[in-house]
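Asks: Sending over a structure as structure tokens; questions will come in a sec.
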Amino acid sequence: MGVAGTLEYFSDLLRNVKKGKKKKQMQTVALKVRMDCEGCERKIKSVLSGVKGAKSVDVDMKQQKVTVTGYVDPKKLLKAAQSTKKKVEMWPYVPYTSVAHPYVSQAYDKKAPPNHVRAVPVTATCSETTLDDTYTNMFSDENPDACNIM
């Protein structure tokens, strides 16, 4: 095999390489699905296991949770689950130890599994308003006119 053969080999090799395709990463997607009976469970499991790239589908009827593992896109998975006419959303709960303020009104949910709260953005916490700040400064020891107000 001479130089011509080597060049031919490399050109064939480069021609057969697919360009621009990235392989999806293995991930686990959790969904909250309203299921009433075993029939609902079977229907959801069959639809989600038919999604391209799904390796395993685990259904927990007690928590109303479906966990799908594989090379899947969460948006496609959500759309496939919604095609069953069930109430479906991404799993909204996180362990309460991972939330800074687990008892704010947006985080607390009676329907959450034990030791879980709803995932809320950091902006949902309580904050002081400018009015509170004004009153705090009015009665502060650093304010020279504080004794006049009292």
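The values are calculated or read from the model by the stated rules, or taken from the named source; none is laboratory data. Please read these numbers as outputs of a predicted model, since none were measured by experiment. So basically every Cβ, Gly included, is an ideal-geometry build from the backbone, and we count neighbours across all protein chains shown. Side chains included, ligands, DNA and RNA excluded: accessible areas come from the protein's heavy atoms. Shrake-Rupley method; radii C 1.70, N 1.55, O 1.52, S 1.80 Å.
Asks: Give me the residue from region 57-73 that is out of contact with any Leu (no Cβ under 7 Å at 6 or more places or on another chain) and more than 21 Å from Ala112 (Cβ to Cβ) and, out of that set, most open to solvent (accessible area, probe 1.4 Å).
Replies: Tyr71
Asks: For the list (1) free of Cβ contacts under 8 Å to residues at least 24 places away in the same chain; (2) outside any strand (DSSP E or B), I need the number of the one condition that Val57 fails.
Replies: (2)
Asks: Here is a list of conditions, (1) part of a strand (DSSP E or B); (2) touching a helix residue (DSSP H, G or I) at 6+ places or on another chain (Cβ under 8 Å), and Leu48 meets all of them except one; can you say which number that is?
Replies: Here Leu48 meets the rest and fails (1).
Asks: Mind listing whichever residues of region 1-56 are β-branched (Val, Ile, Thr), modelled with pLDDT of 90 or more and either open to solvent by less than 60 Å² (accessible area, probe 1.4 Å) or over 26 Å from the mean Cα position of the chain (by Cα) (or both)?
Replies: Step one: list which residues in region 1-56 are β-branched (Val, Ile, Thr), which gives 3, 6, 17, 28-29, 33, 44, 47, 51.
With modelled with pLDDT of 90 or more added as a condition, the list becomes 28-29, 33, 44, 47, 51.
Matches in region 1-56: Val29, Val33, Ile44, Val47, Val51.
Asks: May I pose another question? Among the strands (runs of 3 or more DSSP E) contained in region 63-121, which hold 3 or more residues that are closer than 29 Å to Ser46 by Cβ?
Replies: Filter on region 63-121 gives 65-70, 88-90.
Asks: Further, regarding this structure: Note down all Cβ pairs under 7 Å where the first residue falls in region 62-87 and is at positive phi and modelled with pLDDT of 90 or more, the second is outside any helix (DSSP H, G or I) and charged (D, E, K, R), and they're at least six residues apart or on different chains.
Replies: Gln64/Lys32; Gln64/Arg34; Gly70/Lys55
Asks: Which of (1) at pLDDT below 75; (2) of a type outside the set (A, V, I, L, M, F, W, C); (3) more than 27 Å from Leu77 (Cα to Cα) does Thr97 not meet, given it meets every other one?
Replies: (1)
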